[in-house]
Amino acid sequence: MKDLIDYIARSLVDDPTQVEIKQDRAGASRVHIELRVAKEDMGRVIGKGGRVANAMRVLLRVAAAREGKQASLDVVEPR
């Protein structure tokens, strides 16, 4: 699941080296993923009205459901 988000995010941004993904397990069947990108690429990842970020969340949920898990994605402000 982490690889899916990594692939999508690196495909969207101008600077793929700034993509940082952190995956936490909040139990046996729950996964939480945090995505950080460069400040200049935040608009590309979030999209107009949050459409791109929501589409990434839907794809992540489908991939997790196939494995019998639940997953969530947060796009975190860059440092």
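Throughout, read-outs are computed from the coordinates displayed, never taken from laboratory work. Because the structure is predicted, anything quoted here is derived from the model rather than measured. Cβ: placed from backbone, ideal geometry, glycine included. Neighbour counts: every protein chain shown.
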Odd one out for Asp24 among (1) within 14 Å of Lys2 (Cβ to Cβ); (2) out of contact with any strand residue (DSSP E or B) (no Cβ under 7 Å at 6 or more places or on another chain): (2)
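Which one of Ala71, Ala64, Ala55 is in contact with a Leu (Cβ under 6 Å, 6 or more places away or on another chain) and among the small types (Gly, Ala, Ser)?
Of Ala71, Ala64, Ala55, the one residue that is in contact with a Leu (Cβ under 6 Å, 6 or more places away or on another chain) and among the small types (Gly, Ala, Ser) is Ala71.
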Of all residues in segment 59-70, which are within 16 Å of His32 (Cβ to Cβ), among the hydrophobic types (A, V, I, L, M, F, W, C) and over 10 Å from the mean Cα position of the chain (by Cα)? Ala63, Ala64, Ala65
Within segment 1-37, restricting to residues that are of a type in the set (A, V, I, L, M, F, W, C) and surrounded by fewer than 15 Cβ atoms within 10 Å (Cβ to Cβ), the one that is farthest from Arg57 (Cα to Cα) is Ala28
Run Gly49 past the list (1) on the phi < 0 side of the Ramachandran plot; (2) of a type outside the set (A, V, I, L, M); (3) surrounded by fewer than 16 Cβ atoms within 10 Å (Cβ to Cβ) and report the number of the one that doesn't hold. (1)
Per the filter on segment 40-79, residues touching a His at 6+ places or on another chain (Cβ under 9 Å) and among the acidic types (Asp, Glu) are Asp74
Residue by residue through segment 54-66, note down the ones that are surrounded by fewer than 17 Cβ atoms within 10 Å (Cβ to Cβ) and in contact with a helix residue (DSSP H, G or I) (Cβ under 7 Å, 6 or more places away or on another chain). Leu59, Ala63
How many residues are outside any strand (DSSP E or B) and under 13 Å from the mean Cα position of the chain (by Cα) if we restrict to segment 30-46? 5
